[in-house]
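> One structure follows; several queries about it will come next.
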Amino acid sequence: MACMQLFTRPAKTAAAPVKATPKKKTEKELRQAGPAARGWTGRGGGMAALVPSVTEYRGTTVQVCGLWPFSSGASSPMIGVPLGRHEETQATVCCDPISWFQRARLISNPSAFILGKPGLGKSTVVRRMFIGLSAQGVHPLILGDLKGEHVKAVQALGGQVIKLGRGVGYLNILDPGQAVEAAQLLEDSGHHEDAARVRADAHGRRLTMVVSLVTISRNNPPTDQEQTILDRALRVLDDTFDGVPVLKDLLDVIISAPDELRQVALDRGDMTVYLQETRALEATLLGLTGGGKLGEIFARHTTNPMMRDRAVVFDVSSIDETETDLQAAILLACWSYGFGTVNVANALADAGLEPRRNYFVVLDELWRALRAGKGMVDRVDALTRLNRSVGVGQIMISHTMSDLLALPAEEDRMKARGFVERSGMVICGGLPASEMPLLTSAVPLSGEEQQKLISWQDPPAWDSRGLDVEPPGRGKFLIKVGGRPGIPVVVGLTSLEQGPDGVNDTEGKWHEAPESLLEPMTPSVPLEGGTL
(Lines give C-alpha, C1' and ligand atoms only; values in the text may rest on other atoms or scores of the structure.)
Protein backbone atom coordinates (compact mmCIF):
# COMPACT_ATOMS: atom_id res chain seq x y z
CA MET A 1 0.00 0.00 0.00
CA ALA A 2 1.55 3.24 -1.08
CA CYS A 3 1.64 6.27 1.13
CA MET A 4 1.06 9.65 -0.37
CA GLN A 5 1.86 13.03 1.10
CA LEU A 6 -0.05 16.02 -0.11
CA PHE A 7 1.35 19.52 -0.03
CA THR A 8 -1.07 22.38 -0.09
CA ARG A 9 -0.15 25.99 -0.73
CA PRO A 10 -1.36 28.48 1.88
CA ALA A 11 -3.87 30.91 0.59
CA LYS A 12 -2.91 34.53 -0.16
CA THR A 13 0.80 34.09 0.38
CA ALA A 14 3.22 36.14 -1.73
CA ALA A 15 5.75 34.16 -3.67
CA ALA A 16 9.26 34.28 -2.17
CA PRO A 17 11.81 36.11 -4.33
CA VAL A 18 14.14 33.87 -6.19
CA LYS A 19 17.80 34.72 -5.53
CA ALA A 20 19.97 34.88 -8.57
CA THR A 21 22.96 32.58 -8.44
CA PRO A 22 26.12 34.76 -8.67
CA LYS A 23 28.08 34.14 -11.79
CA LYS A 24 31.40 32.55 -11.04
CA LYS A 25 34.30 34.75 -12.08
CA THR A 26 36.66 33.41 -14.60
CA GLU A 27 40.35 33.08 -13.87
CA LYS A 28 41.06 36.04 -16.14
CA GLU A 29 38.62 38.23 -14.20
CA LEU A 30 40.14 37.18 -10.87
CA ARG A 31 43.62 38.16 -12.01
CA GLN A 32 42.40 41.48 -13.32
CA ALA A 33 40.82 42.22 -9.89
CA GLY A 34 44.23 41.97 -8.20
CA PRO A 35 45.57 39.80 -5.39
CA ALA A 36 43.55 38.90 -2.31
CA ALA A 37 44.73 39.34 1.26
CA ARG A 38 46.76 36.13 1.09
CA GLY A 39 48.03 36.35 -2.49
CA TRP A 40 46.86 35.64 -6.04
CA THR A 41 43.97 33.25 -6.42
CA GLY A 42 43.57 30.68 -9.14
CA ARG A 43 45.79 28.04 -10.57
CA GLY A 44 49.48 28.83 -10.10
CA GLY A 45 48.67 31.95 -8.11
CA GLY A 46 50.41 30.81 -4.92
CA MET A 47 47.71 31.86 -2.49
CA ALA A 48 48.94 31.16 1.08
CA ALA A 49 46.78 29.05 3.37
CA LEU A 50 48.74 30.29 6.43
CA VAL A 51 50.43 33.68 6.72
CA PRO A 52 53.89 33.26 8.34
CA SER A 53 55.10 35.72 10.96
CA VAL A 54 57.26 38.52 9.66
CA THR A 55 60.84 38.78 10.85
CA GLU A 56 61.27 41.71 13.22
CA TYR A 57 64.39 43.83 13.51
CA ARG A 58 65.30 46.33 16.19
CA GLY A 59 67.15 49.57 15.66
CA THR A 60 67.28 53.24 16.55
CA THR A 61 65.00 55.86 15.00
CA VAL A 62 67.88 56.95 12.77
CA GLN A 63 68.39 53.43 11.44
CA VAL A 64 64.74 52.58 10.75
CA CYS A 65 63.44 55.98 9.67
CA GLY A 66 63.40 54.89 6.01
CA LEU A 67 61.11 51.95 6.78
CA TRP A 68 58.12 54.17 7.62
CA PRO A 69 55.27 53.28 8.15
CA PHE A 70 56.38 49.74 8.96
CA SER A 71 57.94 50.58 12.32
CA SER A 72 56.60 50.86 15.86
CA GLY A 73 57.95 52.13 19.15
CA ALA A 74 59.45 49.70 21.67
CA SER A 75 57.55 48.93 24.86
CA SER A 76 60.58 48.96 27.18
CA PRO A 77 63.55 51.32 27.65
CA MET A 78 66.82 50.54 25.90
CA ILE A 79 68.98 52.20 28.55
CA GLY A 80 70.94 50.19 31.09
CA VAL A 81 72.32 46.67 31.43
CA PRO A 82 70.67 44.16 29.03
CA LEU A 83 68.70 41.67 31.14
CA GLY A 84 66.79 39.64 28.58
CA ARG A 85 63.68 39.83 26.42
CA HIS A 86 60.17 41.06 27.05
CA GLU A 87 57.99 38.04 27.76
CA GLU A 88 55.24 39.19 25.39
CA THR A 89 56.85 41.32 22.67
CA GLN A 90 60.31 39.66 22.71
CA ALA A 91 61.85 43.13 22.70
CA THR A 92 65.18 43.58 24.47
CA VAL A 93 64.81 44.80 28.07
CA CYS A 94 67.62 46.86 29.60
CA CYS A 95 67.44 47.79 33.25
CA ASP A 96 69.52 48.80 36.25
CA PRO A 97 68.81 51.43 38.92
CA ILE A 98 71.85 53.62 38.20
CA SER A 99 71.25 53.95 34.43
CA TRP A 100 67.52 54.49 34.85
CA PHE A 101 68.22 57.26 37.36
CA GLN A 102 71.35 58.91 35.98
CA ARG A 103 70.82 58.65 32.22
CA ALA A 104 67.12 58.10 31.58
CA ARG A 105 65.61 59.80 34.66
CA LEU A 106 62.96 57.09 34.81
CA ILE A 107 63.17 56.69 38.60
CA SER A 108 63.56 59.22 41.39
CA ASN A 109 66.47 57.53 43.23
CA PRO A 110 69.06 54.92 42.20
CA SER A 111 67.76 52.03 44.28
CA ALA A 112 65.92 48.76 43.70
CA PHE A 113 64.30 46.04 45.78
CA ILE A 114 64.07 42.41 44.61
CA LEU A 115 61.43 40.02 45.94
CA GLY A 116 60.93 36.38 44.96
CA LYS A 117 60.87 32.83 46.22
CA PRO A 118 64.22 31.00 46.53
CA GLY A 119 65.70 29.38 43.45
CA LEU A 120 64.05 31.59 40.83
CA GLY A 121 67.11 33.65 39.88
CA LYS A 122 67.23 36.74 42.11
CA SER A 123 71.01 36.47 42.50
CA THR A 124 71.40 35.93 38.75
CA VAL A 125 69.66 39.23 38.01
CA VAL A 126 71.87 41.02 40.52
CA ARG A 127 75.03 39.54 39.01
CA ARG A 128 73.95 40.54 35.51
CA MET A 129 73.41 44.11 36.73
CA PHE A 130 76.70 44.55 38.55
CA ILE A 131 78.71 42.86 35.77
CA GLY A 132 77.19 45.26 33.23
CA LEU A 133 77.68 48.27 35.49
CA SER A 134 81.28 47.26 36.12
CA ALA A 135 81.89 47.54 32.37
CA GLN A 136 80.59 51.13 32.62
CA GLY A 137 83.04 52.04 35.40
CA VAL A 138 80.75 51.46 38.40
CA HIS A 139 82.35 49.42 41.20
CA PRO A 140 80.11 46.67 42.66
CA LEU A 141 80.17 46.19 46.44
CA ILE A 142 78.60 42.94 47.65
CA LEU A 143 78.45 43.62 51.38
CA GLY A 144 77.84 40.15 52.79
CA ASP A 145 77.62 37.08 50.52
CA LEU A 146 76.11 34.37 52.73
CA LYS A 147 76.27 31.66 50.07
CA GLY A 148 79.46 32.58 48.25
CA GLU A 149 77.52 32.86 45.00
CA HIS A 150 79.02 36.19 43.88
CA VAL A 151 82.67 35.28 44.49
CA LYS A 152 83.28 33.89 40.97
CA ALA A 153 81.86 36.98 39.31
CA VAL A 154 83.93 39.39 41.42
CA GLN A 155 87.08 37.35 40.80
CA ALA A 156 86.38 37.43 37.07
CA LEU A 157 86.13 41.23 37.30
CA GLY A 158 89.53 41.39 39.03
CA GLY A 159 87.98 42.46 42.31
CA GLN A 160 88.77 41.83 45.97
CA VAL A 161 87.38 38.87 47.92
CA ILE A 162 87.30 39.36 51.71
CA LYS A 163 86.62 36.14 53.64
CA LEU A 164 85.09 36.45 57.10
CA GLY A 165 84.24 33.76 59.63
CA ARG A 166 85.52 31.84 62.62
CA GLY A 167 89.15 31.06 61.94
CA VAL A 168 88.82 32.47 58.42
CA GLY A 169 88.94 36.25 58.75
CA TYR A 170 88.16 39.04 61.20
CA LEU A 171 86.54 42.46 60.91
CA ASN A 172 87.28 44.95 63.67
CA ILE A 173 84.14 47.07 64.12
CA LEU A 174 86.17 49.77 65.91
CA ASP A 175 88.53 50.10 62.95
CA PRO A 176 87.83 53.49 61.33
CA GLY A 177 89.20 52.03 58.12
CA GLN A 178 90.54 54.61 55.74
CA ALA A 179 88.80 57.49 57.54
CA VAL A 180 91.88 58.48 59.58
CA GLU A 181 94.19 58.65 56.55
CA ALA A 182 91.54 60.41 54.49
CA ALA A 183 90.91 63.00 57.21
CA GLN A 184 94.63 63.69 57.45
CA LEU A 185 94.87 64.17 53.68
CA LEU A 186 91.92 66.55 53.77
CA GLU A 187 93.47 68.58 56.58
CA ASP A 188 96.82 68.78 54.81
CA SER A 189 95.07 70.12 51.71
CA GLY A 190 93.15 72.73 53.70
CA HIS A 191 89.72 71.04 53.77
CA HIS A 192 89.25 71.14 57.53
CA GLU A 193 85.44 70.96 57.49
CA ASP A 194 85.51 67.89 55.24
CA ALA A 195 88.06 66.25 57.54
CA ALA A 196 85.86 66.85 60.58
CA ARG A 197 82.88 65.44 58.72
CA VAL A 198 84.80 62.27 57.82
CA ARG A 199 85.85 61.75 61.45
CA ALA A 200 82.31 62.35 62.70
CA ASP A 201 80.88 59.86 60.22
CA ALA A 202 83.43 57.22 61.23
CA HIS A 203 82.59 57.77 64.91
CA GLY A 204 78.86 57.49 64.26
CA ARG A 205 79.18 54.28 62.29
CA ARG A 206 81.39 52.64 64.91
CA LEU A 207 78.94 53.60 67.64
CA THR A 208 76.04 52.22 65.59
CA MET A 209 77.86 48.92 65.14
CA VAL A 210 78.68 48.54 68.83
CA VAL A 211 75.06 49.26 69.73
CA SER A 212 73.91 46.75 67.06
CA LEU A 213 76.16 44.01 68.45
CA VAL A 214 74.89 44.68 71.96
CA THR A 215 71.31 44.50 70.63
CA ILE A 216 71.91 41.17 68.90
CA SER A 217 73.73 39.72 71.88
CA ARG A 218 70.92 40.66 74.30
CA ASN A 219 68.01 40.40 71.84
CA ASN A 220 67.15 43.83 73.20
CA PRO A 221 68.66 47.28 72.59
CA PRO A 222 70.82 48.96 75.26
CA THR A 223 69.32 51.71 77.37
CA ASP A 224 69.74 55.38 76.50
CA GLN A 225 72.25 55.80 79.31
CA GLU A 226 74.29 52.82 78.12
CA GLN A 227 74.39 54.28 74.61
CA THR A 228 75.61 57.58 76.04
CA ILE A 229 78.32 55.77 77.99
CA LEU A 230 79.42 53.91 74.84
CA ASP A 231 79.54 57.15 72.86
CA ARG A 232 81.70 58.88 75.46
CA ALA A 233 83.92 55.82 75.89
CA LEU A 234 84.65 55.78 72.13
CA ARG A 235 85.67 59.43 72.26
CA VAL A 236 87.95 58.82 75.23
CA LEU A 237 89.45 55.84 73.40
CA ASP A 238 90.17 57.91 70.29
CA ASP A 239 91.87 60.62 72.36
CA THR A 240 94.04 58.35 74.48
CA PHE A 241 94.71 55.17 72.48
CA ASP A 242 97.64 54.99 70.08
CA GLY A 243 96.82 52.84 67.07
CA VAL A 244 93.67 50.99 66.04
CA PRO A 245 91.61 49.87 69.07
CA VAL A 246 89.55 46.68 69.41
CA LEU A 247 86.54 45.85 71.58
CA LYS A 248 88.80 44.76 74.44
CA ASP A 249 90.27 48.27 74.57
CA LEU A 250 86.77 49.76 74.72
CA LEU A 251 85.92 47.45 77.61
CA ASP A 252 89.10 48.49 79.42
CA VAL A 253 88.10 52.16 79.14
CA ILE A 254 84.71 51.45 80.71
CA ILE A 255 86.28 49.39 83.50
CA SER A 256 88.86 52.09 84.27
CA ALA A 257 86.01 54.53 84.97
CA PRO A 258 87.48 57.85 83.77
CA ASP A 259 85.86 61.09 84.90
CA GLU A 260 84.17 61.65 81.52
CA LEU A 261 82.30 58.35 81.82
CA ARG A 262 81.41 58.85 85.47
CA GLN A 263 79.84 62.18 84.59
CA VAL A 264 77.55 60.74 81.93
CA ALA A 265 76.76 57.78 84.22
CA LEU A 266 75.47 60.33 86.81
CA ASP A 267 77.15 58.54 89.70
CA ARG A 268 77.33 61.80 91.75
CA GLY A 269 80.79 60.81 93.00
CA ASP A 270 79.62 57.39 94.17
CA MET A 271 81.64 54.62 92.50
CA THR A 272 79.03 52.07 93.50
CA VAL A 273 76.45 53.81 91.33
CA TYR A 274 78.84 53.80 88.34
CA LEU A 275 79.53 50.09 88.74
CA GLN A 276 75.83 49.39 88.93
CA GLU A 277 75.11 51.40 85.77
CA THR A 278 77.89 49.74 83.74
CA ARG A 279 77.67 46.19 85.06
CA ALA A 280 75.33 44.87 82.36
CA LEU A 281 77.25 46.70 79.63
CA GLU A 282 80.55 45.24 80.79
CA ALA A 283 79.06 41.74 80.82
CA THR A 284 77.82 42.12 77.22
CA LEU A 285 81.13 43.47 75.94
CA LEU A 286 82.97 40.71 77.77
CA GLY A 287 80.87 38.16 75.89
CA LEU A 288 81.67 39.89 72.59
CA THR A 289 85.41 39.78 73.25
CA GLY A 290 85.61 36.35 74.88
CA GLY A 291 84.01 34.17 72.21
CA GLY A 292 80.30 34.28 73.06
CA LYS A 293 77.58 33.40 70.57
CA LEU A 294 78.96 36.03 68.21
CA GLY A 295 82.47 34.62 68.44
CA GLU A 296 85.64 36.65 68.12
CA ILE A 297 85.09 37.77 64.54
CA PHE A 298 84.57 41.40 65.59
CA ALA A 299 87.07 41.50 68.46
CA ARG A 300 90.34 41.19 66.53
CA HIS A 301 92.14 43.41 64.05
CA THR A 302 90.86 43.43 60.47
CA THR A 303 92.71 40.80 58.44
CA ASN A 304 91.97 42.13 54.92
CA PRO A 305 91.28 45.89 54.65
CA MET A 306 88.80 46.91 51.97
CA MET A 307 89.94 48.67 48.78
CA ARG A 308 87.88 51.43 47.20
CA ASP A 309 89.05 51.29 43.58
CA ARG A 310 87.61 47.92 42.49
CA ALA A 311 84.78 45.44 42.95
CA VAL A 312 84.61 43.94 46.47
CA VAL A 313 82.72 40.99 47.91
CA PHE A 314 82.59 39.97 51.58
CA ASP A 315 82.47 36.17 51.51
CA VAL A 316 80.77 35.02 54.74
CA SER A 317 79.66 31.63 53.43
CA SER A 318 81.66 29.80 56.13
CA ILE A 319 79.06 30.81 58.73
CA ASP A 320 76.49 28.08 59.31
CA GLU A 321 72.84 28.73 58.44
CA THR A 322 71.77 27.92 62.00
CA GLU A 323 73.80 30.80 63.46
CA THR A 324 71.22 33.43 62.60
CA ASP A 325 72.45 35.96 65.17
CA LEU A 326 76.01 35.76 63.88
CA GLN A 327 74.83 36.09 60.29
CA ALA A 328 72.81 39.20 61.13
CA ALA A 329 75.73 40.73 63.02
CA ILE A 330 78.23 40.10 60.27
CA LEU A 331 75.86 41.51 57.64
CA LEU A 332 75.50 44.72 59.62
CA ALA A 333 79.26 44.92 60.12
CA CYS A 334 79.89 44.52 56.38
CA TRP A 335 77.28 47.14 55.52
CA SER A 336 78.74 49.62 58.01
CA TYR A 337 82.29 49.02 56.79
CA GLY A 338 81.30 49.30 53.14
CA PHE A 339 79.26 52.48 53.51
CA GLY A 340 82.07 54.04 55.55
CA THR A 341 84.49 53.36 52.70
CA VAL A 342 82.05 54.91 50.22
CA ASN A 343 81.83 58.08 52.31
CA VAL A 344 85.63 58.33 52.46
CA ALA A 345 85.87 57.97 48.68
CA ASN A 346 83.25 60.68 48.15
CA ALA A 347 84.98 63.08 50.56
CA LEU A 348 88.32 62.67 48.79
CA ALA A 349 86.68 63.10 45.39
CA ASP A 350 84.84 66.25 46.51
CA ALA A 351 88.17 67.72 47.59
CA GLY A 352 89.76 66.83 44.24
CA LEU A 353 92.25 64.43 45.81
CA GLU A 354 90.93 61.34 44.00
CA PRO A 355 88.87 60.67 40.87
CA ARG A 356 85.11 60.37 41.28
CA ARG A 357 83.99 56.77 41.77
CA ASN A 358 80.45 55.42 41.62
CA TYR A 359 79.42 52.30 43.52
CA PHE A 360 76.64 49.74 43.22
CA VAL A 361 75.92 48.31 46.68
CA VAL A 362 74.25 44.89 46.99
CA LEU A 363 72.48 44.10 50.29
CA ASP A 364 71.42 40.45 50.26
CA GLU A 365 69.27 38.52 52.78
CA LEU A 366 67.88 41.70 54.32
CA TRP A 367 65.34 39.83 56.43
CA ARG A 368 68.06 38.11 58.46
CA ALA A 369 69.32 41.39 59.88
CA LEU A 370 65.84 42.73 60.58
CA ARG A 371 64.89 39.71 62.71
CA ALA A 372 68.03 39.83 64.86
CA GLY A 373 66.39 41.86 67.63
CA LYS A 374 64.27 44.82 68.55
CA GLY A 375 65.53 48.08 67.14
CA MET A 376 67.48 46.46 64.27
CA VAL A 377 65.23 48.13 61.69
CA ASP A 378 66.46 51.52 62.89
CA ARG A 379 70.08 50.34 62.69
CA VAL A 380 69.61 49.07 59.13
CA ASP A 381 67.77 52.24 58.17
CA ALA A 382 70.58 54.38 59.55
CA LEU A 383 73.21 52.40 57.67
CA THR A 384 71.44 52.15 54.32
CA ARG A 385 69.68 55.51 53.96
CA LEU A 386 71.72 56.85 51.07
CA ASN A 387 70.39 59.80 49.09
CA ARG A 388 70.85 60.35 45.39
CA SER A 389 73.52 63.03 45.90
CA VAL A 390 76.32 60.64 46.95
CA GLY A 391 76.69 58.82 43.63
CA VAL A 392 75.78 55.38 45.02
CA GLY A 393 73.15 52.95 43.79
CA GLN A 394 71.90 50.13 45.96
CA ILE A 395 69.78 47.02 45.61
CA MET A 396 68.18 45.10 48.48
CA ILE A 397 67.18 41.45 48.24
CA SER A 398 64.64 39.50 50.27
CA HIS A 399 62.25 36.62 49.70
CA THR A 400 58.77 37.94 50.47
CA MET A 401 56.99 40.86 52.07
CA SER A 402 56.10 38.53 54.94
CA ASP A 403 59.80 38.29 55.80
CA LEU A 404 59.98 42.06 56.16
CA LEU A 405 56.74 42.38 58.10
CA ALA A 406 57.30 39.43 60.47
CA LEU A 407 58.47 41.78 63.21
CA PRO A 408 56.87 42.06 66.66
CA ALA A 409 56.61 45.86 66.79
CA GLU A 410 54.22 47.73 64.51
CA GLU A 411 56.60 50.66 64.07
CA ASP A 412 59.33 48.26 62.89
CA ARG A 413 56.96 46.71 60.37
CA MET A 414 56.07 50.13 58.96
CA LYS A 415 59.74 51.06 58.62
CA ALA A 416 60.56 47.73 56.96
CA ARG A 417 57.78 48.26 54.42
CA GLY A 418 59.26 51.69 53.77
CA PHE A 419 62.37 49.97 52.38
CA VAL A 420 60.20 48.75 49.48
CA GLU A 421 58.16 51.92 49.13
CA ARG A 422 61.24 54.17 48.92
CA SER A 423 62.94 52.07 46.26
CA GLY A 424 63.12 53.54 42.78
CA MET A 425 62.08 50.23 41.25
CA VAL A 426 60.73 46.95 42.56
CA ILE A 427 61.62 43.72 40.74
CA CYS A 428 59.32 40.81 41.58
CA GLY A 429 59.82 37.13 40.81
CA GLY A 430 57.44 34.27 41.57
CA LEU A 431 55.44 34.88 44.74
CA PRO A 432 52.60 32.96 46.45
CA ALA A 433 49.03 34.24 46.35
CA SER A 434 49.12 35.05 50.07
CA GLU A 435 51.75 37.73 49.34
CA MET A 436 49.58 39.77 46.99
CA PRO A 437 47.67 41.80 49.65
CA LEU A 438 50.94 42.68 51.38
CA LEU A 439 52.74 43.50 48.13
CA THR A 440 49.96 45.62 46.65
CA SER A 441 49.90 47.72 49.84
CA ALA A 442 53.41 48.92 48.90
CA VAL A 443 53.47 48.47 45.10
CA PRO A 444 50.37 48.90 42.88
CA LEU A 445 49.77 45.72 40.85
CA SER A 446 46.96 44.97 38.42
CA GLY A 447 45.04 41.70 38.61
CA GLU A 448 46.83 40.34 35.56
CA GLU A 449 50.23 41.20 37.03
CA GLN A 450 49.33 39.45 40.27
CA GLN A 451 48.28 36.31 38.42
CA LYS A 452 51.52 36.37 36.47
CA LEU A 453 53.60 36.46 39.67
CA ILE A 454 51.53 33.66 41.20
CA SER A 455 51.99 31.46 38.11
CA TRP A 456 55.76 31.97 38.17
CA GLN A 457 56.10 30.42 41.63
CA ASP A 458 54.76 27.01 40.52
CA PRO A 459 57.19 24.06 40.75
CA PRO A 460 58.26 22.01 37.70
CA ALA A 461 56.48 18.82 36.62
CA TRP A 462 56.63 15.87 39.02
CA ASP A 463 57.95 13.45 36.41
CA SER A 464 61.04 15.06 34.94
CA ARG A 465 62.38 11.64 33.80
CA GLY A 466 65.94 12.61 34.62
CA LEU A 467 65.83 15.72 32.44
CA ASP A 468 67.03 19.13 33.55
CA VAL A 469 63.56 20.63 33.97
CA GLU A 470 63.40 24.11 35.47
CA PRO A 471 60.48 25.75 37.28
CA PRO A 472 58.25 27.76 34.92
CA GLY A 473 59.11 31.02 36.70
CA ARG A 474 62.88 30.68 36.84
CA GLY A 475 64.52 33.71 35.25
CA LYS A 476 61.23 35.61 34.89
CA PHE A 477 60.75 38.94 36.66
CA LEU A 478 58.33 41.85 36.64
CA ILE A 479 59.90 45.31 36.78
CA LYS A 480 57.63 47.83 38.49
CA VAL A 481 58.22 51.58 38.68
CA GLY A 482 55.49 53.37 40.60
CA GLY A 483 52.06 52.95 39.07
CA ARG A 484 53.35 52.23 35.56
CA PRO A 485 52.51 48.88 33.94
CA GLY A 486 55.09 46.26 34.83
CA ILE A 487 57.66 45.02 32.34
CA PRO A 488 57.81 41.18 32.32
CA VAL A 489 61.32 40.09 31.36
CA VAL A 490 62.84 36.67 30.73
CA VAL A 491 66.52 36.83 31.71
CA GLY A 492 68.83 35.41 29.07
CA LEU A 493 72.22 33.99 30.06
CA THR A 494 75.44 33.97 28.05
CA SER A 495 77.83 31.03 27.75
CA LEU A 496 80.10 32.55 30.40
CA GLU A 497 77.21 32.58 32.86
CA GLN A 498 75.92 29.06 32.27
CA GLY A 499 77.35 25.65 33.05
CA PRO A 500 79.36 24.29 35.98
CA ASP A 501 82.17 26.77 35.32
CA GLY A 502 79.92 29.79 34.85
CA VAL A 503 79.66 32.69 37.27
CA ASN A 504 76.00 31.84 37.94
CA ASP A 505 76.65 28.34 39.24
CA THR A 506 75.21 28.41 42.78
CA GLU A 507 75.09 24.61 43.17
CA GLY A 508 78.80 23.84 42.90
CA LYS A 509 78.79 21.48 45.87
CA TRP A 510 76.28 19.23 44.11
CA HIS A 511 78.60 18.83 41.13
CA GLU A 512 81.09 17.13 43.43
CA ALA A 513 78.54 14.59 44.69
CA PRO A 514 78.91 10.90 43.79
CA GLU A 515 77.47 10.03 40.40
CA SER A 516 75.08 7.56 42.01
CA LEU A 517 73.32 10.48 43.71
CA LEU A 518 72.90 12.35 40.45
CA GLU A 519 71.43 9.40 38.53
CA PRO A 520 67.65 8.82 38.56
CA MET A 521 66.74 6.07 41.02
CA THR A 522 64.43 3.14 40.28
CA PRO A 523 62.07 2.43 43.18
CA SER A 524 62.06 -1.04 44.69
CA VAL A 525 58.71 -2.82 44.36
CA PRO A 526 58.19 -5.81 46.69
CA LEU A 527 56.94 -8.93 44.91
CA GLU A 528 56.07 -12.41 46.06
CA GLY A 529 59.25 -13.94 44.71
CA GLY A 530 61.61 -11.13 45.64
CA THR A 531 62.19 -7.49 44.85
CA LEU A 532 62.02 -5.77 41.46
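The values are calculated or read from the model by the stated rules, or taken from the named source; none is laboratory data. On a predicted model such as this, the values are computed, not experimentally measured, just so you know. Positions of Cβ are generated from backbone atoms using ideal geometry, with glycine treated the same way; all protein chains shown enter the neighbour counts.
> Within segment 76-103, which residues are within 19 Å of H150 (Cα to Cα) and either part of a loop (DSSP other than H, G, I, E, B) or free of Cβ contacts under 8 Å to residues at least 12 places away in the same chain (or both)?
Selection gives V81, D96.
> Okay, next question. I'd like the full set of residues that are of a type in the set (D, E) and in a helix (DSSP H, G or I), limited to segment 327-369.
First, the residues of segment 327-369 that are of a type in the set (D, E): 350, 354, 364-365.
Scanning segment 327-369 gives a single hit, D350.
Conditions (1) touching a residue at least 60 places away in the same chain (Cβ under 8 Å); (2) in contact with a helix residue (DSSP H, G or I) (Cβ under 7 Å, 6 or more places away or on another chain); (3) within 21 Å of T303 (Cα to Cα), marked per residue:
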residue: L234; (1), (2), (3): yes, yes, no
residue: T240; (1), (2), (3): no, no, no
residue: V246; (1), (2), (3): yes, no, yes
residue: L261; (1), (2), (3): no, yes, no
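> I would also like to ask the following. R279 fails exactly one of the following numbered conditions: (1) outside any loop (DSSP other than H, G, I, E, B); (2) not assigned by TED's automatic domain parsing to the domain that holds R199. What is the number of that condition?
So the condition that R279 fails would be (2).
> Considering only residues that are more than 20 Å from the chain's Cα centre (by Cα), more than 21 Å from S111 (Cβ to Cβ) and touching a residue at least 24 places away in the same chain (Cβ under 8 Å), which ones fall in segment 412-448?
Matches in segment 412-448: S434, S446.
> A further question on this structure: Name every residue in segment 104-133 that is part of a strand (DSSP E or B) and small (G, A, S), in order of residue number.
S111, A112
> Please determine, by comparing only the residues of segment 329-378 that are of a type in the set (K, R) and out of contact with any Ser or Thr (no Cβ under 8 Å at 6 or more places or on another chain), which one is nearest to K415 (Cα to Cα).
Looking at the filtered set, the residue picked out is R357.
Residue-by-condition table, conditions (1) assigned by TED's automatic domain parsing to the domain that holds D325; (2) within 30 Å of D381 (Cα to Cα); (3) in contact with a strand residue (DSSP E or B) (Cβ under 6 Å, 6 or more places away or on another chain); (4) free of Cβ contacts under 8 Å to residues at least 12 places away in the same chain:
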residue	(1), (2), (3), (4)
L186	no, yes, no, no
A202	no, yes, no, no
V253	no, yes, no, no
A257	no, no, no, no
T272	no, no, no, yes
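> A further question on this structure: Looking at G190, G144, G165, G148, which one is of a type outside the set (F, W, Y), buried (at least 23 other Cβ atoms within 10 Å of the Cβ) and at pLDDT below 90? Reasoning before the result, please.
On the way: G190 fails: buried (at least 23 other Cβ atoms within 10 Å of the Cβ); G165 fails: buried (at least 23 other Cβ atoms within 10 Å of the Cβ); G148 fails: buried (at least 23 other Cβ atoms within 10 Å of the Cβ).
Criteria check complete, one pass: G144.
> Considering only segment 339-349, I want to know if a residue exists there that is hydrophobic (A, V, I, L, M, F, W, C), in contact with a strand residue (DSSP E or B) (Cβ under 7 Å, 6 or more places away or on another chain) and within 17 Å of G148 (Cα to Cα).
no
> Another question about this same structure. Restricting segment 400-444 to residues that are closer than 16 Å to V126 by Cβ, part of a loop (DSSP other than H, G, I, E, B) and touching a helix residue (DSSP H, G or I) at 6+ places or on another chain (Cβ under 7 Å), which is modelled with the highest pLDDT?
By that ranking, first place goes to G429.
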